[in-house]
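The values are calculated or read from the model by the stated rules, or taken from the named source; none is laboratory data. Worth saying up front: this structure is predicted, and the values here are computed from it rather than measured. Methodologically, a virtual Cβ is constructed for each residue, glycine included, from the backbone with ideal geometry; neighbour enumeration extends over all protein chains shown. Surface areas here come from the heavy atoms of the whole protein model, side chains and all, with no ligands, DNA or RNA. Shrake-Rupley method; radii C 1.70, N 1.55, O 1.52, S 1.80 Å.
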Amino acid sequence: MNRTGAGGLIQKALRWLGKPEGVSAAERLIARGGRSERAGRVEEACRLYGLAVEAAPGPAPARMNYGAALEALGRTEDAVGAYEAVLAADPSN
C-alpha cells in the first residue's frame, strides 16, 4: 500500500478543493466536510474534518465537526478524544 502521509493528503485535498483567496486550508476542508456531511457522506466528511485538524490543529470548529462525524460513525471513543482536545484548547467552549 502506498502511503503519502498526512502532508501529502492535505496537499492533495487542497489541490482538489482549490485555493480561494482569504480562506485558510482548514476552513476550506471544514466547508467541504460540511457539504459532504449534509449530503449524507459522513465517512468522507470525517476524513475531511480530520485533514482540517491536521492542517490547523488549534481551531475548535474543525475538532468539533470531527468529533460529531466520528460519533455519527459510531466511533465514540475517538469522538470523546476530539471533544476533549477542544476543551483542552479552549475550556470555555
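Key figures for this structure:
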quantity	calculated
Residues of the range 28-46 satisfying the condition of being free of Cβ contacts under 8 Å to residues at least 12 places away in the same chain and either within 26 Å of S92 (Cα to Cα) or assigned to a helix (DSSP H, G or I) (or both)	A31, R35, R38, E44
Selection status of G18, modelled with pLDDT under 85, surrounded by fewer than 14 Cβ atoms within 10 Å (Cβ to Cβ) and not polar (S, T, N, Q)	yes
Output for the range 66-86, where each listed residue is open to solvent by 50 Å² or more (accessible area, probe 1.4 Å) and either assigned to a helix (DSSP H, G or I) or among the hydroxyl-bearing types (S, T, Y) (or both)	Y66, E71, A72, T76, E77, D78, V80, Y83, E84
Among the residues listed as V42, V23, the single one being β-branched (V, I, T), modelled with pLDDT of 85 or more and open to solvent by less than 60 Å² (accessible area, probe 1.4 Å)	V42
Criterion (surrounded by 14 or more Cβ atoms within 10 Å (Cβ to Cβ) and under 20 Å from L87 (Cβ atoms)) met by exactly one of G50, G58, G34	G50
